[in-house]
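First the structure, in the form of structure tokens, and then the observations on it.
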Amino acid sequence: LAQPVTPELLVSPSSQDGDLGSECPEDRGNWTGRLDFLLSCIGYCVGLGNVWRFPYRAYTNGGGAFLVPYFIMLAICGIPIFFMELSLGQFSSLGPLAVWKISPLFKGVGMGTILIVSLVAIYYNMIIAYVLFYLFASLTSDLPWQHCGNWWNTDLCLDHHVIKAGNTTFPVNITNTVSPSEEYWSRYVLHIQGSSGIGDPGRIRWNLCLCLLLSWTIVYLCILKGVKSSGKVVYFTATFPYLILVMLLIRGVTLEGAWKGIRFYLTPQFDHLLSSKVWIEAALQIFYSLGVGFGGLLTFASYNTFHQNIYRDTFIVTLGNAITSILAGFAIFSVLGYMSQELGVPVNQVAKAGPGLAFVVYPQAMTMLPLSPFWSFLFFFMLLTLGLDSQFAFMETIVTAVTDEFPYYLRPKKASFSAVICIALFLMGLILTTEGGMYWLVLLDDYSAGFGLMVVVITTCLVVTRVYGMKRFCRDIHMMLGFKPGPYFRACWMVLSPATMMALLVYNIIKYQPSEYGNYRFPTWAEVLGILMGVLSCLMIPVGMVVAVLREEGTLWERVQQASRPAMDWGPSLEENRTGMYVASLAGSQSPKPLMVHMRKYGGITSYENTAIEVDREMEEEEEEESMM
């Protein structure tokens, strides 16, 4: 018999030259290696916060006892939302904007996500620029922040080397003194004395500007070919930090006085568990450390094959991230214990969080070690690799989201579009390179991904479970993985996760504190600007709703109902993966049953086709029950 000829106009988008489609839509790009996705997720989640936030949060919230609420919050909030994001991305093969074909009424959630990620990408790359600055400064035989007596030092500068060499018998009062590393950071790197506040940024620091340009250049070259290039870079950037962390850990625990720091870090104070603040802090650490809500996880999963085992990957990444945070705490606090012994002060006087730890305390501790430039270089190289793969994720999220919205125009020019985004964000970040740039960085850090991000995640959770439907979402996962999520995931998605995040949101609003940097208090207009940053991402949701409703026809209620239903082409991107309600809903779809596509391609039925048959049968039974009612 003659083979029927398919007109070109009717060929499925997932096919090429009328032939059966491959497992991935090639024009969009996909991971090229088995470990690309897993390492990208690990690199994205394991970032600067694991090193400079978790150890400090642990010791201020009960030491070893903090691990109890930390792992409980990981189970309630972290793992379920992480798995939900991966499932949405992999099922649809769409970015954070286009994925809202699941319910077009809420496309504003995707717009809010992109706004948040863009703001975070601006200041996150500035932190990488600071790391590069210190990395280059470490390429010397004598670290520049080791001694006083430089042009940037003041009379308050006190060098611990001088105290130690002097063998003074009387106690030295160090309360009104400043370490050389602190003056190097504030007076030389930032040159913050040239600015009177956030309204007076001062001049651009050209050495910082060049470091920022270099960091954006590195990021662009690594995402030049999308996940095909960044997926290879993460083999280094996601694994090398572990090697350095182990080296710093071994060096730290062999130092005299290291036990003081470790004891301070891990001594459990169980009375802290009665405080709601500790549980909130644990949830916040999980929330920001795993990077849920930023769209990075969804973007990475969208480049997977349809049947990738993201269930297994979820547990590998989330638990690996938690273990890394705990290990980093040992590496940091062992060195802080040694430092406190050298200075003769309690550990809590040298312990800090955030940039204060990375650019003041730890560099000062490095000067007390033999071969200090070597250890300093290793530490900042670790921070560089930790920061870069998180930045890759932010950029890939922005680029993927926009190119998926305009695939015909932007996808062929993805490299050029990525360059435009990098240049635009670099120019917006120039204010951070000024003498008052640190004030702007603190403002962005405090407000860009605060309550706005929580609103985005809560809305996503509620839309998937309530509007789209829990039964439907579980069925989609069944199609992909061959099994449905168990009661644990369903209970978390329906009640526990959204309730916990709402409690976080309320707590953040009630306990709101104005931003500050050291002794500097931000003016009212800066606070208002910061709050507007957070509110703007939330406002995207009602704006998106208005646009979606205006595009529909009928009465207002009919429009809302139509806009809240999944779009006609929602579902797996390849025709062969579409079963049940997703059959023949792709533009130009030929096959009445994707099962036939599989049988023609593989010459038989596999376990995934059995799943497809089960899902179809299940849906037919449900339709019969509804018609009988």
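The values are calculated or read from the model by the stated rules, or taken from the named source; none is laboratory data. Only a predicted model underlies this, so the values are computations on that prediction, with no experimental measurement involved. Here the Cβ is made from the backbone with ideal geometry for all residues, glycine too, and neighbour counts use every protein chain on show. Heads up: the accessible areas ignore ligands, DNA and RNA and are worked out on the full protein's heavy atoms, side chains in. Shrake-Rupley method; radii C 1.70, N 1.55, O 1.52, S 1.80 Å.
Quick notes on this structure:
- Filter result for GLY337 (in contact with a Lys or Arg (Cβ under 6 Å, 6 or more places away or on another chain) and either under 24 Å from ARG263 (Cα atoms) or open to solvent by 10 Å² or more (accessible area, probe 1.4 Å) (or both)): yes
- Residue within the stretch 248-259 that is among the small types (Gly, Ala, Ser), at pLDDT 90 or above, closer than 30 Å to LEU505 by Cα and in contact with a Ser or Thr (Cβ under 7 Å, 6 or more places away or on another chain) present: no
- If you go through the stretch 218-230 and keep only what is open to solvent by 60 Å² or more (accessible area, probe 1.4 Å) and either without any contact (Cβ under 8 Å) to a residue 12 or more places away in the chain or not assigned by the TED database to the domain that holds ASP159 (or both), you end up with just LEU221.
- Filtering the stretch 408-438 to residues that are farther than 30 Å from ILE192 by Cα and in contact (Cβ under 8 Å) with a residue 24 or more places away in the chain leaves ARG411, LYS414, ALA415, SER418, ALA419.
- Cβ-Cβ distances below 7 Å connect no pair with a first residue in the stretch 549-566 that is touching a residue at least 12 places away in the same chain (Cβ under 8 Å), a second residue that is open to solvent by 80 Å² or more (accessible area, probe 1.4 Å) and small (Gly, Ala, Ser), and a separation of six or more residues or different chains.
- The residues in the stretch 448-461 that are among the hydroxyl-bearing types (Ser, Thr, Tyr) and either modelled with pLDDT under 95 or crowded, with 21+ Cβ neighbours inside 10 Å (or both) can be counted, and the count is 2.
Residues are listed down the side, and each one gets a yes or a no for (1) open to solvent by less than 10 Å² (accessible area, probe 1.4 Å); (2) among the hydroxyl-bearing types (Ser, Thr, Tyr); (3) under 22 Å from PRO355 (Cα atoms):
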| residue | (1), (2), (3) |
| --- | --- |
| GLN391 | yes, no, yes |
| MET395 | yes, no, no |
| PHE406 | no, no, no |
| LEU432 | yes, no, yes |
| ASP445 | no, no, yes |
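- Some residue of the stretch 253-265 being open to solvent by 10 Å² or more (accessible area, probe 1.4 Å), under 18 Å from LEU94 (Cβ atoms) and in a helix (DSSP H, G or I): no
- Residue check for VAL464: in contact (Cβ under 8 Å) with a residue 12 or more places away in the chain and open to solvent by less than 30 Å² (accessible area, probe 1.4 Å): yes
- Test: VAL246 is hydrophobic (A, V, I, L, M, F, W, C), assigned to a helix (DSSP H, G or I) and open to solvent by 60 Å² or more (accessible area, probe 1.4 Å): yes
- As a summary of the residue check, PHE300 satisfies the conditions (1) surrounded by fewer than 20 Cβ atoms within 10 Å (Cβ to Cβ); (2) aromatic (Phe, Trp, Tyr); (3) under 30 Å from SER573 (Cβ atoms) except for the one numbered (1).
- Single unsatisfied condition, ASN61 versus (1) assigned by the TED database to the domain that holds ILE398; (2) surrounded by fewer than 21 Cβ atoms within 10 Å (Cβ to Cβ): (2)
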